[in-house]
Amino acid sequence: MVVFRDLRGADIDAVLAIADARLGENYITGKDFVNAQVFVAEDVVNVAIAGFCIAFVDSADAKSYVRTVAVSQEYSGQGIGTALVAKAVDYLEGLGAKNIFSPLWKHDGVVNSDVIFRRNGFLPVREIPDYWLNDSIEKGYSCPVCGKGCHCTCVMYERFSSAR
Ligand SMILES: CC(C)(COP(=O)(O)OP(=O)(O)OC[C@H]1O[C@@H](n2cnc3c(N)ncnc32)[C@H](O)[C@@H]1OP(=O)(O)O)[C@@H](O)C(=O)NCCC(=O)NCCS
């Protein structure tokens with residue numbers, strides 16, 4: 001049985017291991033949990049973290065974001081990613097968000113998480129080439145496709161109020 005709850009300190013190593021495996025090494029670090037709301041999916045029978053999702057409100061422009069969602073391979077296809085995004089949407093709407101954004105990774109012409117965001121009322125609004133390039137150089141993380149210096153395209157998704 002999987003339950004959804006807020007991140008606890010004891011979950012951090014497991015969450016970072018999922019992030020490294022699914023999103024690229026060091027793309028997510030402990031710093032990404034500061035000033036953010038992180039939800040985890042926990043398999044309470046096997047006492048394992050199955051996935052996580054990060055939501056935050058940008059202090060610069062007050063825009064709300066579902067920044068990242070990842071589910072470990074062995075738990076994929078069970079609705080966990082969709083449910084994690086739903087938790088993040090509920091949280092941001094609870095703070096008063098009208099529109100919610102999510103920069104999603106496009107690889108080989110496909111946005112892996114397109115289905116789970118559409119199920120939560122998001123739609124693609126524009127594409128941004130080299131979206132992670134500066135970040136990947138500054139943080140030194142390794143993209144699963146490009147390695148150092150990420151040239152992947154982001155598709156910005158947006159969810160309008162009451163879309164789900
Ligand atoms: C994308 C991801 C979060 C989906 O998590 P999940 O728990 O498997 O998602 P759900 O079970 O809720 O939904 C599965 C749906 O997503 C789609 N999907 C999952 N992985 C996909 C992939 N690699 N390519 C295309 N579609 C995919 C399928 O259509 C599937 O629908 P179905 O169950 O009707 O067949 C997970 O595969 C993952 O962590 N991927 C790597 C990291 C990533 O790309 N994160 C998004 C960037 S922010």
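Structure notes:
- Selection from region 92-111 of residues that are away from the ligand (no atom under 15 Å from the Cβ) and either crowded, with 19+ Cβ neighbours inside 10 Å or of a type in the set (Val, Ile, Thr) (or both): Leu92, Ala97
To keep it simple, each residue is scored yes or no on (1) farther than 30 Å from Asn46 by Cα; (2) touching a helix residue (DSSP H, G or I) at 6+ places or on another chain (Cβ under 9 Å); (3) in contact (Cβ under 8 Å) with a residue 40 or more places away in the chain.
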{"residue": "Val71", "(1), (2), (3)": "no, yes, yes"}
{"residue": "Lys87", "(1), (2), (3)": "no, no, yes"}
{"residue": "Tyr91", "(1), (2), (3)": "no, no, yes"}
{"residue": "Lys98", "(1), (2), (3)": "yes, no, yes"}
{"residue": "Phe101", "(1), (2), (3)": "yes, no, yes"}
{"residue": "Tyr131", "(1), (2), (3)": "yes, no, no"}
{"residue": "Lys139", "(1), (2), (3)": "yes, yes, yes"}
{"residue": "Met156", "(1), (2), (3)": "yes, no, yes"}
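- Residue list for region 59-69, filter: in contact (Cβ under 8 Å) with a residue 24 or more places away in the chain and either over 15 Å from Arg5 (Cα atoms) or over 11 Å from the mean Cα position of the chain (by Cα) (or both): Ser59, Lys63, Ser64, Tyr65, Val66, Arg67, Thr68
- Residue that is part of a helix (DSSP H, G or I), modelled with pLDDT of 95 or more and either among the aliphatic types (A, V, I, L, M) or near the ligand (Cβ under 8 Å from one of its atoms) (or both), where the choices are Val89, Val66: Val89
- Residue selected from region 57-75 under the condition of a type in the set (Ser, Thr, Tyr) and touching a Lys or Arg at 6+ places or on another chain (Cβ under 9 Å), by the criterion nearest to Met156 (Cα to Cα): Ser64
- Within region 20-42, the set of residues being surrounded by 15 or more Cβ atoms within 10 Å (Cβ to Cβ) and over 15 Å from Gly140 (Cα atoms) comprises Arg22, Phe33, Ala36, Gln37, Val38, Phe39, Val40, Ala41, Glu42.
Results for (1) of a type in the set (Val, Ile, Thr); (2) more than 19 Å from Phe39 (Cβ to Cβ), shown as yes or no for each residue.
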site	(1), (2)
Ser59	no, yes
Thr68	yes, no
Ala86	no, no
Asp108	no, yes
Glu127	no, yes
Gly147	no, yes
Cys152	no, yes
Met156	no, yes
Arg159	no, no
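- In this structure, Val3 does not qualify as more than 14 Å from the chain's Cα centre (by Cα), surrounded by fewer than 13 Cβ atoms within 10 Å (Cβ to Cβ) and under 21 Å from Ser136 (Cβ atoms).
- For Gln78: the one exception among (1) at negative phi; (2) touching a helix residue (DSSP H, G or I) at 6+ places or on another chain (Cβ under 9 Å); (3) within 13 Å of the ligand (Cβ to nearest atom): (2)
- Selected residue [away from the ligand (no atom under 12 Å from the Cβ) and modelled with pLDDT of 95 or more] from Ala50, Ala36: Ala36
The values are calculated or read from the model by the stated rules, or taken from the named source; none is laboratory data. The structure presented is a predicted model; accordingly, all values stated were derived computationally and were not measured. Methodologically, a virtual Cβ is constructed for each residue, glycine included, from the backbone with ideal geometry; neighbour enumeration extends over all protein chains shown.
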